[in-house]
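Novice: Questions regarding the structure given below will be posed in turn.
The values are calculated or read from the model by the stated rules, or taken from the named source; none is laboratory data. Bear in mind that the values here come from a model prediction, so they are computed numbers and not experimental data. Cβ placement follows ideal geometry from the backbone for every residue including glycine, while neighbour counts extend to all protein chains displayed. Calculation scope for accessible area: heavy atoms of the full protein, side chains included, ligands and nucleic acids excluded. Shrake-Rupley method; radii C 1.70, N 1.55, O 1.52, S 1.80 Å.
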Amino acid sequence: MRHPLVMGNWKLNGNKRMVNDLISALRNKLSNVVGCNIAIAPPVIYLDLAKYHLGNSRIALGAQNVDIHISGAYTGEVSTQMLKDIGAKYIIIGHSERRAYHKESNELIAEKFAVLKEAELIPVLCIGESKAENEAGKTEAVCAHQIDVVLNKLDAKAFESALIAYEPIWAIGTGKAATPVQAQAVHKFIRSHIAKYDAAIAERVIIQYGGSVNADNAVELFTQPDIDGALVGGASLNADTFSVIVKAAAEAKQT
Ligand code: 13P
């Protein structure tokens with residue numbers, strides 16, 4: 001059985017006090033949760049502090065991005081080795097905000113995937129279509145292409161220890177999540193697409209949903225068979241809400 005992962009993507013939010021307060025609240029609220037892996041991805045400047053506050057809790061540390069270079073004259077970048085050094089485990093790549101604002105291509109994202117695997121870190125590969133692509137019926141083609149660029153560079157075995165986060169761009173930060181039925185259909189498609197390369201890997205790969213997940217829609221999303229947790233933006237900044245979402249995933253996947 002697949003173990004869901006609920007991961008908070010804090011994006012460009014937080015300060016030292018919030019790192020302290022939010023993590024200590026999460027540690028309290030989530031100490032007894034079993035059956036769901038949990039991670040948070042604070043801004044890079046707070047990773048070390050977050051790791052300190054996470055201590056020996058079962059909440060893992062994630063990061064929001066990585067560079068493809070290991071060291072050298074790459075001003076402003078952060079390497080896999082640095083993320084490893086600091087104790088990060090799950091690394092988000094290909095987020096639609098980085099694709100849009102930093103012009104990251106599928107090819108660059110595939111390189112990031114490769115360097116993360118090389119460093120034995122776990123990529124969380126974000127994919128998803130825009131509103132226009134959705135309305136033009138191109139959702140499956142867009143998602144398939146975003147995955148194929150990675151599959152062609154590495155191979156299906158690369159997804160052995162990696163996650164996919166399906167995040168329809170039109171659902172991010174809009175309060176308008178995909179319906180459980182819509183999301184399940186795309187997740188099922190993604191799994192079947194990977195199965196064309198390797199059926200066993202497809203069965204095991206964790207496919208998270210992301211885009212306006214909140215305390216009210218979490219249960220319905222997680223009871224869908226191919227939705228294995230979530231990548232949560234805005235709602236991960238509130239300990240109560242994020243805890244409800246984590247518990248919803250743990251319960252949905254236990255039954
Ligand atoms: P929201 O949950 O704020 O819609 O953000 C989703 C997201 O982009 C997570 O990576």
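Novice: For segment 100-116, which residues satisfy the criterion of being away from the ligand (no atom under 16 Å from the Cβ), crowded, with 20+ Cβ neighbours inside 10 Å and of a type outside the set (G, A, S)? I'd like the intermediate steps shown before the answer.
Specialist: We begin by selecting, within segment 100-116, every residue away from the ligand (no atom under 16 Å from the Cβ); these are 103, 105-108, 110-111, 113-116.
So of that shortlist, the ones also crowded, with 20+ Cβ neighbours inside 10 Å come out as 110, 113, 115-116.
Once the filter is applied, which keeps residues that are away from the ligand (no atom under 16 Å from the Cβ), crowded, with 20+ Cβ neighbours inside 10 Å and of a type outside the set (G, A, S), segment 100-116 yields F113, V115, L116.
Novice: Turning to a different aspect of this structure: Applying the selection to segment 1-53, what residues are open to solvent by less than 10 Å² (accessible area, probe 1.4 Å), part of a helix (DSSP H, G or I) and free of Cβ contacts under 8 Å to residues at least 40 places away in the same chain?
Specialist: V19, I23, A50
Novice: Could you check segment 164-203 and list, in sequence order, the residues that are within 28 Å of G234 (Cα to Cα) and basic (K, R)?
Specialist: In the first step, residues of segment 164-203 are kept if they are within 28 Å of G234 (Cα to Cα); the result is 164-191.
Matches in segment 164-203: K176, K188, R191.
Novice: So, in segment 152-169, exactly how many residues are in a helix (DSSP H, G or I) and either open to solvent by 30 Å² or more (accessible area, probe 1.4 Å) or under 15 Å from L116 (Cβ atoms) (or both)?
Specialist: Matching residues across segment 152-169 total 6.
Novice: Can you pull out the residues in segment 119-139 that are over 20 Å from A162 (Cβ atoms) and more than 16 Å from the ligand (Cβ to nearest atom)?
Specialist: We begin by selecting, within segment 119-139, every residue over 20 Å from A162 (Cβ atoms); these are 129-139.
Passing the criteria: A132, E133, E135, A136, G137, K138, T139.
Novice: From L83, L26, which residue is in contact with a Phe, Trp or Tyr (Cβ under 7 Å, 6 or more places away or on another chain) and more than 16 Å from the ligand (Cβ to nearest atom)?
Specialist: On the way: L83 fails: in contact with a Phe, Trp or Tyr (Cβ under 7 Å, 6 or more places away or on another chain).
Selected residue: L26, the only one of L83, L26 that is in contact with a Phe, Trp or Tyr (Cβ under 7 Å, 6 or more places away or on another chain) and more than 16 Å from the ligand (Cβ to nearest atom).
Novice: Considering segment 236-255 alone, what residues qualify as being touching a residue at least 60 places away in the same chain (Cβ under 8 Å), crowded, with 20+ Cβ neighbours inside 10 Å and within 16 Å of the ligand (Cβ to nearest atom)?
Specialist: Selection gives S236, F242, I245, V246, A249.
Novice: Considering only segment 63-77, I want to know if a residue exists there that is more than 16 Å from the ligand (Cβ to nearest atom) and under 19 Å from V19 (Cα atoms). Before the answer, list the steps.
Specialist: Applying the first criterion (more than 16 Å from the ligand (Cβ to nearest atom)) to segment 63-77 yields 67-77.
From the residues that got through so far, the ones that are under 19 Å from V19 (Cα atoms) too are none.
Taking every residue of segment 63-77 in turn, none turns out to be more than 16 Å from the ligand (Cβ to nearest atom) and under 19 Å from V19 (Cα atoms).
Novice: If you don't mind, there's one more thing I want to ask. Pairs please, first residue from segment 94-117 and among the aromatic types (F, W, Y), second anywhere and open to solvent by 60 Å² or more (accessible area, probe 1.4 Å), Cβ atoms under 8 Å, 6+ apart in sequence or on different chains.
Specialist: Final answer for the pair search is F113/K153.
Novice: Being assigned to a helix (DSSP H, G or I) and open to solvent by 10 Å² or more (accessible area, probe 1.4 Å) is the filter; apply it to segment 212-235 and report the residue that is nearest to the ligand (Cβ to nearest atom).
Specialist: Taking segment 212-235 as the starting set, the residues that turn out to be assigned to a helix (DSSP H, G or I) are 218-222, 234-235.
Narrowing the set further to residues that are open to solvent by 10 Å² or more (accessible area, probe 1.4 Å) leaves 219-220, 234-235.
Details: V219: 16, E220: 15, G234: 3, A235: 6 Å.
This residue is G234.
Novice: Let me ask another. Do we find that I147 is within 14 Å of the ligand (Cβ to nearest atom), modelled with pLDDT of 95 or more, closer than 28 Å to A218 by Cβ and touching a helix residue (DSSP H, G or I) at 6+ places or on another chain (Cβ under 8 Å) in this structure?
Specialist: On the way: within 14 Å of the ligand (Cβ to nearest atom): no; modelled with pLDDT of 95 or more: yes; closer than 28 Å to A218 by Cβ: yes; touching a helix residue (DSSP H, G or I) at 6+ places or on another chain (Cβ under 8 Å): yes.
When the stated conditions are applied, I147 does not pass them.
Novice: What's the number of the only condition in (1) at pLDDT below 95; (2) assigned to a strand (DSSP E or B) that N56 fails to meet?
Specialist: Single failed check for N56: (2).
Novice: Looking only at segment 72-82, decide whether some residue is touching a residue at least 24 places away in the same chain (Cβ under 8 Å) and in a helix (DSSP H, G or I).
Specialist: So far as segment 72-82 goes, yes, one or more of its residues are touching a residue at least 24 places away in the same chain (Cβ under 8 Å) and in a helix (DSSP H, G or I).
Novice: Taking the options E133, E97, E140, E120, name whichever one is acidic (D, E), open to solvent by 30 Å² or more (accessible area, probe 1.4 Å), part of a loop (DSSP other than H, G, I, E, B) and at pLDDT 95 or above.
Specialist: Details: E133 fails: part of a loop (DSSP other than H, G, I, E, B); E97 fails: part of a loop (DSSP other than H, G, I, E, B); E140 fails: part of a loop (DSSP other than H, G, I, E, B).
Testing whether each residue is acidic (D, E), open to solvent by 30 Å² or more (accessible area, probe 1.4 Å), part of a loop (DSSP other than H, G, I, E, B) and at pLDDT 95 or above leaves just E120.
Novice: Next question. So, in segment 219-234, how many residues would count as being within 17 Å of Q64 (Cα to Cα) and free of Cβ contacts under 8 Å to residues at least 40 places away in the same chain?
Specialist: Going residue by residue through segment 219-234, those that are within 17 Å of Q64 (Cα to Cα) are 230-234.
Applying the additional criterion that residues be free of Cβ contacts under 8 Å to residues at least 40 places away in the same chain yields none.
Of the residues in that region, 0 qualify.
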